[in-house]
Amino acid sequence: MAKSTKRLYLIPVLSKALDILELLQSEGQPMSLEQIHRSTRVSKTTVYRVLKTLVHRGYLAQAPDGSYRHVARPKKLRFGFAGQSADMPFSQEVSRSLHDAASAAGVDIVELDNRYDAATAVGNAEQFVQQRVDLVIEFNVEQQVAPVIGDKIAAAGIPLIAIDIPHPNATYFGVDNYRVGAEAGEVLAAHAQANWGGQADWVLGLDLPEAGLLVQSRVSGAFDAVRSALPDLPVESYVRMDGRGLRDRSAKLVGDFLQRHPKDKRILIAAATDTSALGAVDAARQLRRHRHVAVVGQDCIEDALKEMNQAGSPLIASVSHEVGSYGPSLMQLGLALLKGQTVPPYNYVVHRLVRGANAAGA
């Protein structure tokens, strides 16, 4: 009974096809249909159909004299991925999503860490060129070296995809930075209208100028949305700070600001990343000013989700960039580029606003 059960898991015609393929691999020379039939003892009809299928799929080639030979399959595709930083939660999530998608597609990922550093990012691009990867996916936060990286990759004839920060000679993939910023600003303005009578003392932007103007438009979009909803706020109420997307740095900047303005109790903060947003929360909580602050972040990382669902948290919302979709979308885009297909220069991911327990309308 056990022996019969095991046989149920076998596919007879597939076993025969593999016998034929392995025979041609081991012989290493062309064989006729008749020779294959005699060697495998598989019916000629089945041998013929299997051979035609394997030729069609590129595993075998048929010579003019009718003989068949094994064809070496192309090497497995290798995509180079330069992660933003192994220490940054969003970069970690992008990496996980990409590796999962690559595994499903049968593509190897050669991953290097840009370490949030310009020189390292350039060095990693040079390594990808030396290793002759088939395609590069670049997640580099330093806009100043984007032209250098783009030039090196293009000179090697390797297709390039840039995540979130545009690079010359690259196909862009990521969020619509201005739009996600504007949606964050709308939530901040709604908070001021619902809780502070439509007033605010300050609107702070925890920016990321190193990433360039496109990523800075997250804060620009937030400021524009707040101005539209709260038109009476004076221009000097809007302050941009270089949080650099780092938690400790953002915490220090916001902490220093709060200490300089001890009497102000209506402060809106738009952060370019959730990591910066969490830094702002840390500072407000440490100074016991969390009731005076409303923060909206970007990325919707796990730590931000936990924080904004706590009662009384100043982190009222985050815009999810749906990082789980990055891997499959990047894989699809990369394979399309390698096939020579025409793709849009800008490829935007779907985003989604996630409100915390303390957001207006939550």
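Considering only the other residues whose Cβ falls under 12 Å of the Cβ of Gln144, what net charge follows from Lys and Arg at +1 and Asp and Glu at -1?
Neighbourhood net charge equals -3.
How many nm separate the modelled label positions at Asp108 and Arg288, each set 7 Å beyond the Cα in the direction of the Cβ?
Distance between label points: 6.0 nm.
With a 10 Å Cβ neighbour count serving as the proxy for reagent exposure, in which order, fewest first, do Arg355, Arg289 appear?
Lowest to highest Cβ neighbour count: Arg355, Arg289.
Quick check: the distance between the Cα centres of segment 158-234 and segment 292-362, to the nearest angstrom?
13
Select from Ser320, Ser220, Ser237 the residue whose mean-square fluctuation is largest in a Gaussian network model of the chain (Cα-Cα springs shorter than 10 Å).
Residue with maximal mean-square fluctuation among Ser320, Ser220, Ser237: Ser237.
State, to one decimal in nm, how far the label point of Leu338 lies from the label point of Lys265, with both points 7 Å from Cα in the Cβ direction.
6.0
What would the Debye formula give as log10 I(q)/I(0) at q = 0.21, 0.23 Å⁻¹ for the alpha-carbon point model of segment 10-70, no solvent?
Listed by q, the Debye log ratios stand at -0.73, -0.89.
Please report the net charge: other residues with Cβ closer than 13 Å to the Cβ of Gln199, K and R +1, D and E -1.
Charge balance in the 13 Å sphere: -1.
Could you list Thr46, Thr171 so that the one with the fewest beta carbons within 10 Å of its beta carbon is first and the one with the most is last?
Ascending number of Cβ neighbours within 10 Å: Thr46, Thr171.
What number comes out for the charge environment of Leu315, summing +1 per Lys or Arg and -1 per Asp or Glu over other residues with Cβ under 14 Å away?
Charge balance near Leu315 sits at 0.
Bear in mind these aren't lab numbers, they're just calculated from the coordinates by the rules spelled out. It should be emphasised that the depicted structure is a prediction, and the values quoted were computed from it without experimental measurement. Cβ: placed from backbone, ideal geometry, glycine included. Neighbour counts: every protein chain shown.
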